[in-house]
Each structure stands twice: as C-alpha cells, then as structure tokens.
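Below is one structure, written out as structure tokens; comments come after it.
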Amino acid sequence: MSHPKRPFLGESAATRVQNRRQTLLDTAFVKASESGWKGLSIHQLCQDAGLNKRYFYESFKDLDALAAALINDLTGQLVQVGQSAVFSGLQEGKETLPLATQALRASIGWLVDDPRRARILFSLANDNPGALKHRQDVIKTLAQTLSAFSIEYHQADEPHVIAKVGSAMLIGGTIEIVVSWLDGNLEVSLDELVEDVAHFWVAVGDSAINLTQRRLDERSQGGKG
C-alpha cells in the first residue's frame, strides 16, 4: 500500500505510519494481556487506539500479523536484555555460574517487572493455533540464541546436537518455571528462583560438555580401530 509522502506538522509520512503502527502494538499489548487474543477485534483495537480502521491495514494484514509483530518485538527486547547482561558479565571477567546468574537475573527480571510480557509471550498459546505457533517460535528463537552462545563460550570446534538439545530444554523449562512462579505456584523469592535456575543451567551445561567429549573420544577411538 502506498502512503502520502508530504510532511504533516513536521512529521514525515513514514514517521506517521510508524507512530500509528506502534500505537496499535501498544494498545494490543494492553488489551491482549487483559483478555487474551480471543477477545480482541480489529474494530475494538482501533477504537481503543483512537485510530481509523483503515490505519490498521496500512501496517498489518490481520490480527495474527499484529500478534506476530508484537511477539517479535517483545522477543527481541528479551534477547537484548539477556545479551547485554552476558556482555557486561564477560567484560567483568565473571566465571560461568556468576555469569549465568547475572544473565538470568536480567532476563527473568525483565519478564516479572511487567508480568504482561510473560503472559503475551508464553501464556496465551491456547487462544488459537496462531498463538501456539508464536509461542513455539519464541522458544525456538531463544533456544537458538542460547545454543549459539554456548558453542562460542565453550569454544567448541563445531556445533554439536547436544547444544541444541540442552538449550531447548533449558529455555522451555525456564519459561514454565517463570510462568508458574508468576502464577503463585512456587513459594520461593525471586532471588532464590534465579539462583536455582542458574545452578541448573550450569549443571546441564557441564553435563553437555562431558557428554560431547565422551562421544568425540569414542568416535576417535573407533576410527583408530
């Protein structure tokens, strides 16, 4: 769809389109976190956003496209928070456990500071098949990010399947733990939660390294035979 390019009140057409898009995303964030995607309609969304319905379609094909954009934005923010914490910890020379603790404290903290983020990302999967796919995509993105970092951090000569398996397990398990904690089903403090999860992450990482090395040794010995 083409948009008028003339400036209005000092704003370019592209800026106005971006601002309207962000207004729709912000409104969807509030409405979906309150009543889920099932209770949201384009008409109601535009009404709450104070925008004409035609402005919805200049940025999104349908509600599922808007949901995907919102979830992608939130996922990007979560990844950035975690990566920034890791980078800071590496610069400080932290060992594996303190580094994992710092990264998890930042990432989990970002989720629990505004529980609506966790609800949008992880708790609305039952609303519709599209929402379920979005949740799966979030987990996949986070697991791929963790897997890539673990391979680089441990200076692996080549990617190993165990890195993908371990990352998927850690991300999926951590998400369920955080959601359960937010729902009041785990009677531990946030600090205890982060500490517990960090220890499990490091334990799984150490086990994965040992398992990978054992398999490499077995292959090497088999090749010699």
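Of the chain, which part is the longest with no trypsin sites (Lys or Arg not before Pro) in a loop (DSSP not H, G, I, E, B) and with at most 13 other C-beta atoms within 10 angstrom? Segment 62-225 is the longest. Magnitude of the charge dipole for the chain, about its Cα centre and with charges confined to Cβ atoms of Lys, Arg (+1) and Asp, Glu (-1), is about 1200 debye. Projecting the Cα atoms of Ala148, Gly130, Val30 onto the charge dipole of the chain, computed from C-beta unit charges around the Cα centre, puts Gly130 farthest toward the positive end.
Here the mean projected area of the convex hull built on the C-alpha positions of the range 1-106 is 9.5 nm². Set against the 2.2 N^0.38 Å expectation for a compact globular protein, the range 63-149 has a Cα radius of gyration ratio of 1.18. For the chain, the longest principal axis of the Cα atoms and the long axis of helix 129-153 meet at an angle of about 40 degrees.
Given a Förster radius of 30 Å and the C-beta distance between Glu92 and Ser207 as r, what FRET efficiency does 1/(1 + (r/R0)^6) yield to the nearest 0.05?
Working from the Cβ atoms, E equals 0.70.
Extension gain, Gln83 to Ser189, is 35.8 nm, computed as 0.36 nm per intervening residue step minus the present C-alpha separation. In degrees between 0 and 90, to the nearest 10, how far off the longest principal axis of the chain does helix 13-35 point, with axes built from Cα atoms? Once rounded, one gets 70 degrees. Rg over Rh for the chain works out to 1.08, using Cα positions for both radii and the Kirkwood form for Rh. With 0.36 nm allotted per residue and the present C-alpha distance subtracted, the Asp73-His199 stretch has 42.4 nm of extension available.
Computed over the chain, the per-residue total of -39500 (n - 2.57) for DSSP H runs of n ≥ 4 gives a 222 nm mean residue ellipticity of -25500 deg cm²/dmol, rounded to 500. Helix 96-113 against the longest principal axis of the chain: what's the angle in degrees, Cα atoms only, rounded to the nearest 10? The angle comes out at about 20 degrees. Extending 7 Å from the Cα toward the beta-carbon at both Asp114 and Gln22 defines two label points whose distance is 1.2 nm. Counting other Cβ atoms within 10 Å of each Cβ, which GluC sites (Glu not before Pro) in the range 31-94 have at most 10 and sit in a DSSP loop? Answer in residue order: Glu92.
Read the figures in this text as sums done on the coordinates, not as results from a lab. What you are looking at is a predicted structure, and each value in this text was computed from that prediction instead of being measured. Ideal geometry is used to build each Cβ from the backbone, glycine not excepted, and the neighbour counts take in all protein chains shown.
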